[in-house]
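Trainee: Once you've had a glance at the structure underneath, I'll fire off some questions.
The values are calculated or read from the model by the stated rules, or taken from the named source; none is laboratory data. Computed from a prediction, not measured in an experiment: that's the story for all the values here. Note: accessible area is taken over every heavy atom of the protein model, side chains too, but ligands, DNA and RNA are not part of it. Shrake-Rupley method; radii C 1.70, N 1.55, O 1.52, S 1.80 Å.
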Amino acid sequence: MFIERGDMMRLKTRIKIFIIMCVVVIVTFNMHDIVLAEQMVTTPVMGPSEATKEQIVQFYLEQSPNEYPQFYIDQGIDLNTFVDILMEEAAIEGVRPEVAFAQIMVETDWFQFKGSMNIEQFNFGGLENLDANGKQVIASFPTIREGIKANIQHLKGYASSLPLNQECVDSQYANTDLKGEAPNVENLGNGNW
């Protein structure tokens, strides 16, 4: 069976959305709460965290097929610190950190950075910039914190029409004309990310 390129891209997008939703449910709920998760119709991107730092860290340790990157540890950012930064930046912008973490795991393939991104870019969402010739290129950020911040700002840009609460580091944020068009994880994809 031959699959058209556009159909394949839509299928990949749907699979990414499903994976993000599954990660959020696993991080947020204990196993005895799965019945409640099945009743959930949507997964909001914005809002207070429904998962603790410990739950996010434990989720990574139990579910990731990969070790946390030594490259980040060498930068002084172990997994606990990474999650601390993520939770701080998410709280500032009102994005649910468990959603941001799940999205990062999907986009980086559990920090494997397959494809056009690499670990040294501190780009956790496949974010792009324009180069000097006006061509889209994968963005690089100077620190892990700034990369996390950009990713969270990008999520907020699609999930909410509210302005950012701190300086914008996501170069695509200002150009996102779909602000507020993806308030739920289920709305991401099909041009909304």
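Trainee: In what sequence, largest accessible area first, do MET105, MET87 appear using a 1.4 Å probe?
Mentor: Largest accessible area first, the residues go MET87, MET105.
Trainee: Let me ask you something else. Could you tell me which of the pairs LYS149/LYS179; LYS114/LYS135; LYS53/LYS114 are separated by over 24 angstrom between their Cα atoms in the structure shown?
Mentor: Beyond 24 Å: LYS53/LYS114.
Trainee: With a 1.4 Å probe and every protein chain left in place, tell me how much accessible area ASP78 has, in Å² to the nearest 10.
Mentor: Near enough 60 Å² of accessible area.
Trainee: Additional query: Once you have the Kirkwood Rh of region 35-193 from its Cα pairs, apply Stokes-Einstein at 4 °C and 1.567 mPa s and quote D in µm²/s.
Mentor: The Stokes-Einstein estimate is 81 µm²/s.
Trainee: What accessible area, in Å² to the nearest ten, does a 1.4 Å probe give for VAL83?
Mentor: Probe radius 1.4 Å; accessible area of VAL83 about 0 Å².
Trainee: Between region 134-170 and region 55-107, how far is it from one alpha carbon centroid to the other, in angstrom?
Mentor: Comparing the Cα centres of region 134-170 and region 55-107, I get a distance of 16 Å.
Trainee: Using a 1.4 Å probe, what is the accessible area per residue for region 49-193, in Å²?
Mentor: 45
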